[in-house]
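Participant: Handing you a structure now.
Each reported figure results from applying straightforward, stated rules to the coordinates on display, with no laboratory input. The structure presented is a predicted model; accordingly, all values stated were derived computationally and were not measured. Every residue, glycine among them, receives a Cβ derived from its backbone with ideal geometry; neighbour counts consider all protein chains shown.
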Amino acid sequence: MGFDSPNQHCKFEVPEIIFGRGLLNQVGACARRLGGKKVFLVSDEGLFRAGWVDRVIKSLLDAGLTFVLYDQITSNPKDHEIEDGYREYLKHGTDVIVGLGGGSAMDAAKGIAILGSNGGRLQDYRGTDRIHCPLPPLVLCPTTCGTGSDVSQFAVINDTAEQCKFTIMSRCIAPDISLTDPDTLETLPDEYVGSSAVDALSHAVEAYFSVAASSLTDVNAQEALILLNKSFVNAVQERRADDLENLSRASLHAGMAFSNALLGIGHALSHPIGGLYNANHGHVNAVLLPEVLRFDFPVVEKKLAGFAAALGHHSAGNGKAAEEMALETIDTLLDAGGGPRSLRKLGVREEDLPGLAERALKDVCVLTSPRQTDEEDLFGILKRAY
Ligand SMILES: [Fe+2]
């Protein structure tokens, strides 16, 4: 794989990473190692029903810890759910925070941790580097294969009054430990395997073409693309453990890439749509990604060969052929995701498109887009994806 990013200087930050099947029973030892005595466990009801919450609770008890469970988190985590969790965190005098679940549970755990040491409202920390006090110790355990929140410096929260998601970005909110047990994918419904893997795909693509990409983020983005190309279709069709593990691994690599290279206009557009319609994040990304790529291709020629190669087209070069081959493969992967393939089918109202473009332009992810953009460009992408 090529080290073809133009950035010679780079900073690359990741948490301690623990990855492997069956390792969820290590959560208790991790929490104890971080000084925990009474753990605040953030999850959701689906994980409880699947038995994974009980697995973590056993691990905490085996490590001699007590715990408080907060599982009132829903998809696109809402500001009021996180504020309620924060009050529970304070009330019980807990210390280490463990987030178990998809992006919603993990971002909620980050939100509770932010409030736990900084106070105020979540909206106070919207944007970049606005958190000043270090967070309580944090262990994040992903149970989907796309969010990357377990290694990232981002949290995305739904402002329910504004009906819009907002992003908090800070080095402070990367957890102390990211612990992935790919076995948890075995109980994840097909729909969520597909949609979360699409999210990992869009993270890898947007990070690879980000203006903040470096050799270190490129190698992770490319590895994610290789793994997704190898295992995505098989994982959703046959659900073999090896392929599911590759999706977990792809999510981890894509997470490390985007946490350090940041993202682009795909996510800038996806955030307001997810906030307004409470839509599945991966499905929204799937609709947007081809149009975002067509928009970006004219300014990323130098990286096309590496992109196409990671998707299996090793002699594609940097020209139109590479664009077409890469788009075809991306399209196959997005089909495997199983979601609707247009904004209209997702339930987006055409009259909302101008407002969505206006909101997207204010999203922090616009800043690292490889191609400078304005509201009219964003509206055009939304129209083409409609
Ligand atoms: Fe995402």
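Participant: Suppose R0 equals 41 Å. What FRET efficiency, 1/(1 + (r/R0)^6) with r the Cβ-Cβ distance, do ASP331 and THR160 give to the nearest 0.05?
Facilitator: Numbers: r = 35 Å, r/R0 = 0.84.
It comes out at approximately 0.75.
Participant: Give me, ordered by chain and number, the residues 5 or more places off GLY127 or on other chains with an amide H under 5 Å from its own placed amide H.
Facilitator: THR167, ILE168, MET169
Participant: Right, next: Compute the Rg/Rh shape ratio of the stretch 16-184: radius of gyration over Kirkwood radius, all on alpha-carbon atoms.
Facilitator: Working: Rg = 14.3 Å, Rh = 15.4 Å.
My calculation of the ratio gives 0.93.
Participant: So, one more: About its Cα centre, what dipole magnitude does the stretch 1-127 give when the only charges are +1 on Lys and Arg Cβ and -1 on Asp and Glu Cβ, stated in debye to the nearest 20? Don't skip to the end; give the middle numbers.
Facilitator: Values: 15 positive and 16 negative charges, 75 e Å.
I would put it at about 360 debye.
Participant: Taking Cα atoms, how many degrees apart are the long axis of helix 375-384 and the longest axis of the chain, rounded to 10 and kept between 0 and 90?
Facilitator: Taking the Cα atoms of the chain, the angle to 375-384 is about 80 degrees.
Participant: Filter the GluC sites (Glu not before Pro) in the stretch 1-107 to those in DSSP coil with at most 14 other Cβ atoms within 10 Å of their Cβ, and list the result.
Facilitator: Filter output for the stretch 1-107: GLU13.
Participant: So, in Å, what gap is there between the alpha-carbon centers of the stretch 13-70 and the stretch 128-142?
Facilitator: Result: 17 Å between the Cα centres.
Participant: Any idea how far apart GLU191 and SER315 come out in nm if each label point goes 7 Å out from Cα toward Cβ?
Facilitator: Distance between the two pseudo-spin positions: 4.4 nm.
Participant: While we're here: Work out from phi, with θ = phi - 60° and the Karplus expression 6.51 cos²θ - 1.76 cosθ + 1.60, the ³J(HN,Hα) of each residue of the stretch 279-288, listed in order in whole Hz, and give x for Gly and Pro.
Facilitator: Each residue's phi maps through the Karplus curve to give 7, 4, 4, x, 5, 5, 4, 4, 5, 7 Hz.
Participant: Semi-axes of the equivalent ellipsoid for the chain, please: Cα gyration tensor eigenvalues, times 5, square-rooted, ordered largest first, whole Å. Walk me through the numbers on the way to the answer.
Facilitator: Details: eigenvalues 206, 103, 73 Å².
Each semi-axis is the square root of five times an eigenvalue, giving 32, 23, 19 Å.
Participant: Could you pull out the trypsin sites (Lys or Arg not before Pro) across the stretch 179-263 that fall in loop regions by DSSP (anything but H, G, I, E, B) with no more than 12 other Cβ atoms inside 10 Å? Before the final figure, lay out each step's value.
Facilitator: Values: sites: LYS230, ARG239, ARG240, ARG249; in loops: ARG239, ARG240.
Answer in residue order: ARG240.
Participant: Between HIS132 and ASP242, what FRET efficiency follows from the Cβ-Cβ distance if R0 is 35 Å, with the result rounded to 0.05? Before the final figure, lay out the partial values.
Facilitator: Details: r = 44 Å, r/R0 = 1.26.
With a Förster radius of 35 Å, E is 0.20.
Participant: Oh, and also: Could you tell me which of the pairs LYS302/LYS362; LYS58/LYS165; LYS11/LYS91 are separated by over 32 angstrom between their Cα atoms in the structure shown?
Facilitator: Working: LYS302/LYS362 28 Å; LYS58/LYS165 34 Å; LYS11/LYS91 38 Å.
Over 32 Å Cα-Cα: LYS58/LYS165; LYS11/LYS91.
Participant: Where in the stretch 113-154 does the label zone of GLU83 land, with the point 7 angstrom along Cα→C-beta and an amide N cut-off under 15 Å?
Facilitator: Counting only backbone N, you get 115-116, 119-126.
Participant: Given Cβ point charges of +1 (Lys, Arg) and -1 (Asp, Glu) and nothing else, what value in debye, to the nearest 20, does the dipole of the chain about its Cα centre take? Write down the numbers at each step before the final one.
Facilitator: Values: 35 positive and 51 negative charges, 129 e Å.
Roughly 620 debye, rounded to the nearest 20.
Participant: What ³J(HN,Hα) values, in whole Hz, does the Karplus curve 6.51 cos²θ - 1.76 cosθ + 1.60 give for the stretch 19-28 when θ = phi - 60°, with x put for Gly and Pro?
Facilitator: Result, rounded to whole Hz: 9, x, 5, x, 8, 4, 6, 8, 4, x.
Participant: Per Stokes-Einstein, at 37 °C and 0.692 mPa s, what whole-number D in µm² s⁻¹ belongs to the stretch 189-384, with the Kirkwood radius over Cα pairs as the hydrodynamic radius?
Facilitator: On the way: Rh = 16.4 Å.
After rounding, the answer is 200 µm²/s.
Participant: Let me ask you something else. Within the stretch 278-386, list the trypsin sites (Lys or Arg not before Pro) lying in a DSSP loop whose Cβ has at most 14 other Cβ atoms in a 10 Å radius.
Facilitator: Values: sites: ARG294, LYS302, LYS303, LYS320, ARG341, ARG344, LYS345, ARG349, ARG359, LYS362, ARG371, LYS383, ARG384; in loops: ARG341, ARG349, LYS362, ARG371.
Qualifying residues, ordered by number: ARG349, LYS362.
Participant: May I ask you to evaluate 6.51 cos²θ - 1.76 cosθ + 1.60, the Karplus curve with θ = phi - 60°, for each residue of the stretch 161-167 and list the ³J(HN,Hα) values in order in whole Hz, giving x for glycine and proline?
Facilitator: For the stretch 161-167, the Karplus-derived couplings read 6, 7, 6, 8, 7, 10, 10 Hz, x marking Gly and Pro.
Participant: Principal axis extents for the stretch 71-160, Cα atoms only, whole Å, descending order, please.
Facilitator: 31, 29, 25
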